[in-house]
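Q: Encoded as C-alpha cells, here's the structure I'll be asking about.
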Amino acid sequence: MKNIMILSGAGLSAPSGLKTFRDSDGLWEEYDVMEVCSATGFRKNPKKVLDFYDARRAQLQNVEPNEAHKIIAKLKEQYKENLFVLTQNVDDLLERAGCKEVVHLHGFLPELRCEECGEIFNIGYENIEGKSCPKCGSKNLRHNIVMFEEQAPAYATLYELLSKTGLFISIGTSGQVLPVGHYARMCEKSILNIMEKDEYLEQFFDKIYTENVLSAMSKIAKDIEEFIGV
C-alpha cells in the first residue's frame, strides 16, 4: 500500500510564530483553557470565547507559512491522491503554502458556523461582530472549531484514511490529544518528528527525528520518496 498520511500538530506551525497549546509563555497562559476551549465554557460565557477566537484570527493574519508547510504542499502536489494531509491545527498556513485538500480534524479558524441552520462560511481574519449567516441571515454564529466535550466529525475521515495508509508520519504533536502511537501501529511503516525525546511515544515508530520540524521535513520528504519508489 503506497499511500502516505502526514498528521501534524502545533509543532508544525510553531516556527511561524503561532504558540503551541502547552507553551509556558503561550497564548493560552492568560486564560483558563476550559473557559475558552470547552463547550461548558462557551455556554457560560460565549462572548469571552468568541473574543478569544477573534484575537487568534487577528494573530493568524500576521504570520506566514514556514518551510515545512511549503514542503508538505509540494509533496501533496507531487503525490496527489496518494498523500493524505491531516492536521490538528486550526490555522490556514498549509493552505496559504499552496497545499490542497487539507483535512482539519479540529475545525478551521477563518470559518464561522451558523447555530440556526449549520451553514459554514469563511470570514478570513475578521471579527465575528456584525456578521450574519449568508444562508439564513441569523446572527446566532460561533467559531467553526471543535471544543472539548464536543465530537469531531472529521475523525471518521481520519480512520477511513488510516485504513488505506502504508506510511504514517506524525509531525509536531505530543500524542496527548490523538493516539498517534496507535495510528503508527495500524500502518506498515511510520515516522515520528518531535522536538523533545519521548520514550513512550517513540516505541511505536520505526524512525524518529527528534529535532525542529524545519530540519526534519526535508529528511521526511526523502523518506517518502524512498517509500513510494520501493
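The values are calculated or read from the model by the stated rules, or taken from the named source; none is laboratory data. Here the structure is a predicted model, which means the values were calculated and not measured. Virtual Cβ from ideal backbone geometry, glycine too; neighbours counted across all protein chains shown. When the accessible area is computed, the model is the full protein with side chains, heavy atoms only, and any ligands, DNA or RNA have been set aside. Shrake-Rupley method; radii C 1.70, N 1.55, O 1.52, S 1.80 Å.
Q: Which count do you get for residues in region 184-213 that are in contact with a Gly (Cβ under 8 Å, 6 or more places away or on another chain) and among the acidic types (Asp, Glu)?
A: 2
Q: Testing GLY166 on (1) in contact with a strand residue (DSSP E or B) (Cβ under 8 Å, 6 or more places away or on another chain); (2) open to solvent by 60 Å² or more (accessible area, probe 1.4 Å), one condition comes back false. Which one is that?
A: (2)
Q: Here is a further query. Have a look at GLU150, GLU129, GLU160 and point out the one that is surrounded by 13 or more Cβ atoms within 10 Å (Cβ to Cβ) and either acidic (Asp, Glu) or on the phi > 0 side of the Ramachandran plot (or both).
A: Residue meeting the stated conditions: GLU150.
Q: Go through region 173-193 and give me each residue that's open to solvent by less than 30 Å² (accessible area, probe 1.4 Å), among the aliphatic types (A, V, I, L, M) and at pLDDT 95 or above.
A: Of everything in region 173-193, those that are open to solvent by less than 30 Å² (accessible area, probe 1.4 Å), among the aliphatic types (A, V, I, L, M) and at pLDDT 95 or above turn out to be VAL180, ALA184, ILE191, LEU192.
Q: Also: Taking ILE228, is it open to solvent by 10 Å² or more (accessible area, probe 1.4 Å) and under 27 Å from PRO65 (Cβ atoms)?
A: yes
Q: On to the next question. In this structure, does ALA55 turn out to be surrounded by fewer than 16 Cβ atoms within 10 Å (Cβ to Cβ) and modelled with pLDDT under 95?
A: So ALA55 passes the test.
Q: Here's something else I'd like to know. Give me a count of the residues in region 187-221 that are within 20 Å of PRO15 (Cβ to Cβ) and not polar (S, T, N, Q).
A: Adding up the residues that qualify gives 17.
Q: Right, another one. Please go through region 194-219 and give me each residue that is of a type outside the set (Phe, Trp, Tyr), surrounded by fewer than 16 Cβ atoms within 10 Å (Cβ to Cβ) and assigned to a helix (DSSP H, G or I), ordered by number.
A: GLU199, GLU202, LEU214, SER215, SER218, LYS219
Q: Related question: Please verify whether ARG22 is open to solvent by 20 Å² or more (accessible area, probe 1.4 Å), at pLDDT below 95 and assigned to a helix (DSSP H, G or I), treating the condition exactly as stated.
A: no
Q: Identify, please: which residue in region 100-121 is in contact with a Leu (Cβ under 9 Å, 6 or more places away or on another chain) and among the hydrophobic types (A, V, I, L, M, F, W, C) and is, among those, most open to solvent (accessible area, probe 1.4 Å)?
A: ILE120
Q: When you go through (1) among the small types (Gly, Ala, Ser); (2) under 30 Å from SER215 (Cβ atoms); (3) surrounded by 15 or more Cβ atoms within 10 Å (Cβ to Cβ); (4) at pLDDT below 95 one by one for SER8, which number turns out not to apply?
A: Of the numbered conditions (1) among the small types (Gly, Ala, Ser); (2) under 30 Å from SER215 (Cβ atoms); (3) surrounded by 15 or more Cβ atoms within 10 Å (Cβ to Cβ); (4) at pLDDT below 95, the odd one out for SER8 is (4).
Q: How about region 68-172: which strands (runs of 3 or more DSSP E) wholly inside it have at least 2 residues that are at pLDDT 95 or above and over 16 Å from the mean Cα position of the chain (by Cα)?
A: Answer list for region 68-172: 107-114, 120-122, 141-145.
Q: For region 117-143, name all the residues that are hydrophobic (A, V, I, L, M, F, W, C) and farther than 22 Å from ASP91 by Cα.
A: Hits for region 117-143 are CYS117, CYS136.
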